[in-house]
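The values are calculated or read from the model by the stated rules, or taken from the named source; none is laboratory data. Quick caveat, the model's predicted, so the values are computed rather than measured. Ideal geometry is used to build each Cβ from the backbone, glycine not excepted, and the neighbour counts take in all protein chains shown. With ligands, DNA and RNA removed, areas are computed over all heavy atoms of the protein, side chains included. Shrake-Rupley method; radii C 1.70, N 1.55, O 1.52, S 1.80 Å.
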Amino acid sequence: MGTSHAATGLLTGAALGAVLGNHPADLVLCAAVGAGAALLPDLDEPNSSVGRSLAPITEGISHLTRGLSRLVYRWTATSRDSAGHDEGGHRHLTHTLPAAAGFGALAWLLASSGLWGAPVLVWLMTALGIGVIWREVTGQSRARATPAILSLALLAATLTYLVATTPHLVGADPRLFGITVGVGALVHILGDWLTPAGVPLAWPLKYRGKRWWMFHSPLPFATGRQSAPEWVIRVLCLLGTPAIWLWAYTPAG
């Protein structure tokens, strides 16, 4: 679901930039940040598209994140959770509502840390998005890093810095980036809620004796290359992003 998550984050980021931003550049920046932010929850799985997007960097981060997720699971799991022999790795800690808020808070802190804060944040999110999309398009979703991916990451860094300096000139609020990252991660979680595996929306609260109860949509659907619902969602998001631009910045009359 890598490209689908990126597409939903792209649309969400564009909408936030159009509504909360104060310059047309904010829509572009928030769209790029949202696309990457919507991939963050899957950093708990080294074999995921985002986990391998900038290997070995993201692979290392994914191993650390999965270890933290399993540790928190062991600390907070009830006896009913443990009865299922779940290790607490993928789709656990990073797929919770507090984690989405945490991603947003970290992004806000980075964006407000100084002149380079916002460019670095936008670069990180853009590089993640480009890495995932490149792997999906080329069929290298399970391959390790290639020079092409690293070159695209460098390109993302260059382009991102050139664009990301604009918000400082027009007075963009770093909180906008924090909101975009938090909502982007939340959109990912809601996307996984649509699948049969579900997500632990109630954590850290208990539901039916479990803290890690996996909630899913009343009408879940399978994902993958042959999934029609996923394809429709992806296309609508990609078409909706430029539509938001036209709606927000077409002169009236």
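The rows are residues; the columns are (1) touching a strand residue (DSSP E or B) at 6+ places or on another chain (Cβ under 6 Å); (2) within 25 Å of residue 183 (Cα to Cα).
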| site | (1), (2) |
| --- | --- |
| 56 | no, no |
| 74 | no, no |
| 77 | no, no |
| 80 | yes, no |
| 90 | no, yes |
| 101 | no, yes |
Can you tell me which of (1) modelled with pLDDT under 90; (2) of a type in the set (S, T, N, Q); (3) touching a helix residue (DSSP H, G or I) at 6+ places or on another chain (Cβ under 7 Å) is the one residue 226 doesn't meet?
(3)
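Identify the residue in the range 60-78 that is touching a residue at least 24 places away in the same chain (Cβ under 8 Å) and not hydrophobic (A, V, I, L, M, F, W, C) and, among all such residues, is surrounded by the fewest Cβ atoms within 10 Å (Cβ to Cβ).
In the first step, residues of the range 60-78 are kept if they are touching a residue at least 24 places away in the same chain (Cβ under 8 Å); the result is 65-66, 68-69, 73, 76-78.
Narrowing the set further to residues that are not hydrophobic (A, V, I, L, M, F, W, C) leaves 65-66, 69, 73, 76, 78.
Values: 65: 24, 66: 22, 69: 24, 73: 21, 76: 16, 78: 14.
The extreme case among them is 78.
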Criterion violated by residue 46 - all others in (1) free of Cβ contacts under 8 Å to residues at least 40 places away in the same chain; (2) assigned to a helix (DSSP H, G or I); (3) open to solvent by less than 20 Å² (accessible area, probe 1.4 Å); (4) not hydrophobic (A, V, I, L, M, F, W, C) satisfied:
(2)
Any pair with Cβ under 9 angstrom, 6 or more apart, that starts in the range 189-208 at a residue that is open to solvent by less than 60 Å² (accessible area, probe 1.4 Å) and ends at one that is at pLDDT below 90 and of a type in the set (A, V, I, L, M):
191/1; 191/233; 192/1; 194/219; 194/233; 195/1; 195/222
